[in-house]
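A.B. asks: Sharing a structure below in structure tokens format, with a few things to ask.
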Number of protein chains: 2
Amino acid sequence: MPVRYELIKECKHTGARLGKLYTPHGVIDTPAFMPVGTQATVKAMSPDELKDIGAQIILSNTYHLFIRPGHKLIEEAGGLHGFMNWDRPILTDSGGFQVFSLNELRKITEEGVEFKSHLDGTKHFFTPEYVMEIEESLGADIIMAFDECVSYPEEKEYVQKSMERTVRWLKRCKKAHKNIEEQSLFGIVQGGVFEDLRIESAKKTVDCDLPGYAIGGLSVGEPKNIMNDMIECTVPHLPKDKPRYLMGVGSPDSLIDGSLRGIDMFDCVLPTRIARNGTVMTSQGKLVIRNANYAEDFRPIDEECDCYTCKNFSRAYIRHLIKTGEILGARLTTIHNLRFLQNVMKGIRKAILDDNLISFRDDFFEKYGYDK
Amino acid sequence: MPVRYELIKECKHTGARLGKLYTPHGVIDTPAFMPVGTQATVKAMSPDELKDIGAQIILSNTYHLFIRPGHKLIEEAGGLHGFMNWDRPILTDSGGFQVFSLNELRKITEEGVEFKSHLDGTKHFFTPEYVMEIEESLGADIIMAFDECVSYPEEKEYVQKSMERTVRWLKRCKKAHKNIEEQSLFGIVQGGVFEDLRIESAKKTVDCDLPGYAIGGLSVGEPKNIMNDMIECTVPHLPKDKPRYLMGVGSPDSLIDGSLRGIDMFDCVLPTRIARNGTVMTSQGKLVIRNANYAEDFRPIDEECDCYTCKNFSRAYIRHLIKTGEILGARLTTIHNLRFLQNVMKGIRKAILDDNLISFRDDFFEKYGYDK
């Protein structure tokens with residue numbers, strides 16, 4: 001069965017919506033945040049810990065897995081689910097974002113993208129058809145179409161050309177995608193920061209009639225208000241009965257802002273990456289645990305948090321672990337940040353149910369502050 | 001209550017013995033292996049995972065904790081038990097081994113050792129009295145006396161002088177040690193690879209009448225048969241009603257060889273260190289999981305193992321994690337190696353009970369091979 005979205009409730013005062021996304025590996029309450037497991041592991045976490053923090057679905061990266069250990073090996077292991085021992089839903093990106101980030105190492109044609117591995121310089125060629133083959137080997141519940149994610153800022157002319165190619169590639173993806181019962185292909189709306197291009201892209205993407213739609217190419221350097229404008233102009237052109245996924249976004253304020261505008265799914269490396277560097281998110285805002293002022297602070301990271309870290313360890317101890325480069329430090333901060341975001345999402349879902357997401361946002365920002 | 005050793009059974013055919021060591025934080029079945037938590041964390045492990053693999057007691061390092069985060073901070077946190085959230089027994093070494101390993105960075109006098117921090121070059125001075133003060137702040141159940149661990153090879157004349165100073169330092173430690181109800185001071189037998197010095201050291205150390213005795217200065221480069229000879233000549237001079245701890249030893253064969261000669265406690269960074277580098281111990285010998293021949297090996301590390309890693313993950317997946325430098329790789333190999341050693345110790349204890357430790361050793365070596 002392809003994924004199916006059930007709209008449970010629309011917020012009275014905003015575009016926010018509460019839903020359920022049914023997938024072959026389980027049901028996801030939306031809006032949902034997906035932790036990122038780039039190399040078939042959410043960095044520092046075990047699958048059991050991911051369940052403990054409440055992860056309903058994780059994302060993994062096609063480009064990285066293609067490079068190492070190779071999609072054929074993962075297929076042999078029973079797909080990503082078997083390989084990494086994760087029995088809940090998985091979404092794989094298409095490698096588009098990573099390939100285009102390689103800059104001088106890649107060359108785009110209508111046929112696809114030639115690129116060199118960031119690891120050993122070996123040459124590879126991704127086409128929409130080949131990416132579908134790779135993603136089918138990986139076996140995720142949701143697979144993303146091969147798109148071009150343009151950088152910011154970029155000339156409108158190029159953005160338009162690129163967006164149109166992305167639509168052509170989407171059609172080739174759809175045609176090449178075989179395993180439609182177990183894997184659902186999502187199309188990606190592009191169009192940079194140009195409202196008319198976003199609308200055009202949304203319409204053309206929706207014309208392909210897919211089980212879900214993503215908004216890509218945002219949070220790549222543009223101001224937050226532009227990102228929000230782009231979401232606002234796109235969402236009305238996406239069907240109500242399909243999930244909407246805002247790619248690469250995961251700061252708490254953007255999760256709230258996105259939800260307010262009708263987004264159902266998010267992903268981002270932010271919570272796990274800043275965790276390993278010793279920055280944690282708390283109900284009172286971000287906290288750099290390496291700082292000397294936490295050396296003798298025997299309180300938990302966040303007194304309001306229910307995670308394993310906050311129930312068992314002090315800021316002083318975690319600071320010591322991070323300062324000395326101990327693995328347990330990265331583990332404890334990662335557990336906390338991921339749990340913190342799951343709790344933000346839980347709060348968002350409850351606020352939608354109670355029709356008070358705007359006051360939830362105001363209360364949250366008052367305490368947490370607004371990330372610039 | 002100081003620690004108390006209960007001798008349960010002596011092996012009929014060897015010097016091995018089964019016992020129980022009662023400590024303020026719980027009872028330890030001996031012979032026992034102690035995982036090492038140098039910086040108030042057993043690298044890559046959480047306290048819960050340590051319990052899952054069956055760790056009865058862990059060791060932590062006075063020198064490292066003195067340098068970072070400082071013993072006063074740990075005292076404020078409720079000692080090491082509170083600081084790292086570990087409620088089972090802890091043993092702290094005295095920093096002697098680390099300080100003497102600093103080589104050009106330290107200067108020994110009768111009063112103590114002046115040394116420079118390996119981190120920032122700051123000067124410090126360890127005396128037996130100061131080390132007792134530090135170890136009392138750390139609050140471990142068992143604290144080691146400040147000794148000099150001579151390197152190998154070393155002139156007999158120097159070894160004798162050093163051993164005699166270690167005895168004088170032990171007397172100063174005993175005099176300075178205040179918290180005798182909650183912390184038990186162990187003396188350390190030295191004497192290099194010289195039988196007569198080992199015997200003299202054992203006698204003089206035992207004269208101090210302490211709750212336990214260690215054999216130090218072995219496994220520092222000498223051949224294994226010499227190490228075994230030194231254990232054999234020392235043990236008869238140690239009282240039967242006190243625990244015997246062989247310091248810094250932890251390869252499976254040495255655990256068996258030491259147990260055969262009447263040792264009750266062991267510690268070593270080996271299982272955790274090699275784990276992080278991708279070497280795992282199995283019932284069939286060591287296995288370098290990074291090697292290409294495990295790339296498509298979907299079996300667990302060790303089919304006979306009952307650890308979390310072996311129950312849930314394949315060699316292929318663990319190899320991928322280790323090759324890509326993922327934290328979960330180090331976690332999974334560490335869990336496995338520590339569980340493996342706990343199972344070796346369990347096997348040793350059962351073999352003592354059944355009076356067949358020699359055949360246990362022969363069977364083990366036949367499958368595992370003998371570490372050179």
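Residues checked against (1) of a type outside the set (Phe, Trp, Tyr); (2) within 30 Å of A:ASP48 (Cα to Cα):
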| residue | (1), (2) |
| --- | --- |
| A:THR92 | yes, yes |
| A:GLY95 | yes, yes |
| A:SER101 | yes, no |
| A:LEU105 | yes, no |
| A:GLU114 | yes, no |
| A:GLU136 | yes, yes |
| A:ASP141 | yes, yes |
| A:PHE146 | no, no |
| A:GLU155 | yes, no |
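A.B. asks: Is one or more of the residues making up segment A:138-154 surrounded by fewer than 23 Cβ atoms within 10 Å (Cβ to Cβ), assigned to a loop (DSSP other than H, G, I, E, B) and touching a His at 6+ places or on another chain (Cβ under 9 Å)?
C.D. replies: no
A.B. asks: Further question: Return the residues of segment B:49-92 that are assigned to a loop (DSSP other than H, G, I, E, B) and either within 12 Å of another protein chain (Cβ to nearest Cβ) or open to solvent by 40 Å² or more (accessible area, probe 1.4 Å) (or both); say none if nothing qualifies. Give the steps one after another, and end with the answer.
C.D. replies: Initial filter on segment B:49-92 (assigned to a loop (DSSP other than H, G, I, E, B)): B:54-57, B:61, B:68-70, B:77-78, B:85-89.
The answer is B:ASN61, B:ARG68, B:PRO69, B:GLY70, B:ALA77, B:GLY78, B:ASN85, B:TRP86, B:ASP87, B:ARG88.
A.B. asks: Let me ask something else. Among residues belonging to segment B:12-35 that are open to solvent by 10 Å² or more (accessible area, probe 1.4 Å) and touching a helix residue (DSSP H, G or I) at 6+ places or on another chain (Cβ under 9 Å), point out the one that is nearest to the other protein chains (Cβ to nearest Cβ).
C.D. replies: B:HIS25
A.B. asks: Only one residue in B:ARG299, B:ARG315 is closer than 14 Å to A:GLY82 by Cα and over 30 Å from the mean Cα position of the chain (by Cα). Which one? Break it down stepwise before answering.
C.D. replies: On the way: B:ARG315 fails: over 30 Å from the mean Cα position of the chain (by Cα).
That would be B:ARG299, the only listed residue that is closer than 14 Å to A:GLY82 by Cα and over 30 Å from the mean Cα position of the chain (by Cα).
A.B. asks: Let me ask something additional. Scan (1) facing chain B (nearest Cβ under 10 Å); (2) within 21 Å of B:SER46 (Cα to Cα); (3) open to solvent by 10 Å² or more (accessible area, probe 1.4 Å) for the single condition A:GLU296 breaks and write down its number.
C.D. replies: (2)
A.B. asks: Only one of B:ASP302, B:ASP371 is away from chain A (no Cβ under 11 Å) and modelled with pLDDT of 95 or more. Can you tell me which? Steps first, please.
C.D. replies: Numbers: B:ASP371 fails: modelled with pLDDT of 95 or more.
Every option except B:ASP302 fails the conditions.
A.B. asks: Cβ-Cβ below 6 Å, separation at least six or inter-chain, first residue in segment A:346-364 and outside any helix (DSSP H, G or I), second of a type outside the set (D, E, K, R) and open to solvent by less than 70 Å² (accessible area, probe 1.4 Å): which pairs?
C.D. replies: A:ASP355/A:CYS11
A.B. asks: More than 14 Å from chain B (Cβ to nearest Cβ) and at pLDDT below 95, is that true of A:GLU366?
C.D. replies: Details: more than 14 Å from chain B (Cβ to nearest Cβ): yes; at pLDDT below 95: yes.
In short, yes.
A.B. asks: Kindly establish whether A:PRO2 is part of a loop (DSSP other than H, G, I, E, B) and under 16 Å from A:ARG244 (Cα atoms). Before you say what the answer is, go through the steps one by one.
C.D. replies: Numbers: part of a loop (DSSP other than H, G, I, E, B): yes; under 16 Å from A:ARG244 (Cα atoms): yes.
Against the criterion (part of a loop (DSSP other than H, G, I, E, B) and under 16 Å from A:ARG244 (Cα atoms)), A:PRO2 qualifies.
A.B. asks: Collect the residues in segment A:1-11 that are open to solvent by less than 60 Å² (accessible area, probe 1.4 Å) and either aliphatic (A, V, I, L, M) or modelled with pLDDT of 95 or more (or both), keeping them in residue-number order. Spell out the reasoning first.
C.D. replies: Narrowing segment A:1-11 to residues open to solvent by less than 60 Å² (accessible area, probe 1.4 Å): A:2-3, A:5, A:9, A:11.
Of everything in segment A:1-11, those that are open to solvent by less than 60 Å² (accessible area, probe 1.4 Å) and either aliphatic (A, V, I, L, M) or modelled with pLDDT of 95 or more (or both) turn out to be A:VAL3, A:TYR5, A:LYS9.
A.B. asks: With (1) of a type outside the set (Phe, Trp, Tyr); (2) open to solvent by less than 40 Å² (accessible area, probe 1.4 Å); (3) out of contact with any Pro (no Cβ under 9 Å at 6 or more places or on another chain) as the list, and A:ARG106 as the residue in question, which single condition is left unmet?
C.D. replies: A:ARG106 satisfies every listed condition except (2).
A.B. asks: Let me ask something additional. For segment B:292-305, how many residues are aromatic (Phe, Trp, Tyr) and assigned to a loop (DSSP other than H, G, I, E, B)? Spell out how you get there, then give the answer.
C.D. replies: Filtering segment B:292-305 down to residues aromatic (Phe, Trp, Tyr) leaves B:294, B:298.
Then drop every residue that is not assigned to a loop (DSSP other than H, G, I, E, B), which leaves B:298.
Result for segment B:292-305: 1.
A.B. asks: Assess whether B:ARG331 counts as being of a type in the set (Lys, Arg) and open to solvent by less than 20 Å² (accessible area, probe 1.4 Å). Break it down into steps so the answer makes sense when it comes.
C.D. replies: On the way: of a type in the set (Lys, Arg): yes; open to solvent by less than 20 Å² (accessible area, probe 1.4 Å): yes.
Yes.
A.B. asks: Among the residues of segment B:98-112, count how many are part of a loop (DSSP other than H, G, I, E, B), modelled with pLDDT of 85 or more and of a type outside the set (D, E, K, R).
C.D. replies: Filtering segment B:98-112 for residues part of a loop (DSSP other than H, G, I, E, B) gives B:102, B:109-112.
Keeping just the survivors that are modelled with pLDDT of 85 or more gives B:109-112.
Checking which are of a type outside the set (D, E, K, R) leaves us with B:109, B:112.
Adding up the residues that qualify gives 2.
Conditions (1) more than 14 Å from the chain's Cα centre (by Cα); (2) surrounded by fewer than 21 Cβ atoms within 10 Å (Cβ to Cβ); (3) part of a loop (DSSP other than H, G, I, E, B), marked per residue:
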{"site": "B:LEU185", "(1), (2), (3)": "yes, no, no"}
{"site": "B:SER201", "(1), (2), (3)": "yes, no, no"}
{"site": "B:LEU210", "(1), (2), (3)": "yes, no, yes"}
{"site": "B:VAL220", "(1), (2), (3)": "no, yes, yes"}
{"site": "B:MET230", "(1), (2), (3)": "yes, no, no"}
{"site": "B:SER259", "(1), (2), (3)": "no, no, no"}
{"site": "B:ILE263", "(1), (2), (3)": "no, no, yes"}
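A.B. asks: What are the residues in segment A:306-326 that are open to solvent by less than 10 Å² (accessible area, probe 1.4 Å), more than 7 Å from chain B (Cβ to nearest Cβ) and not in a loop (DSSP other than H, G, I, E, B), if any?
C.D. replies: Across segment A:306-326, the qualifying residues are A:THR309, A:ILE318.
The values are calculated or read from the model by the stated rules, or taken from the named source; none is laboratory data. Note that the coordinates shown come from a computational prediction; the quantities given were computed from them, not determined experimentally. Backbone-built Cβ (ideal geometry, glycine too); neighbour counts: all protein chains shown. These accessible areas exclude ligands, DNA and RNA; they are computed on the full protein's heavy atoms, side chains included. Shrake-Rupley method; radii C 1.70, N 1.55, O 1.52, S 1.80 Å.
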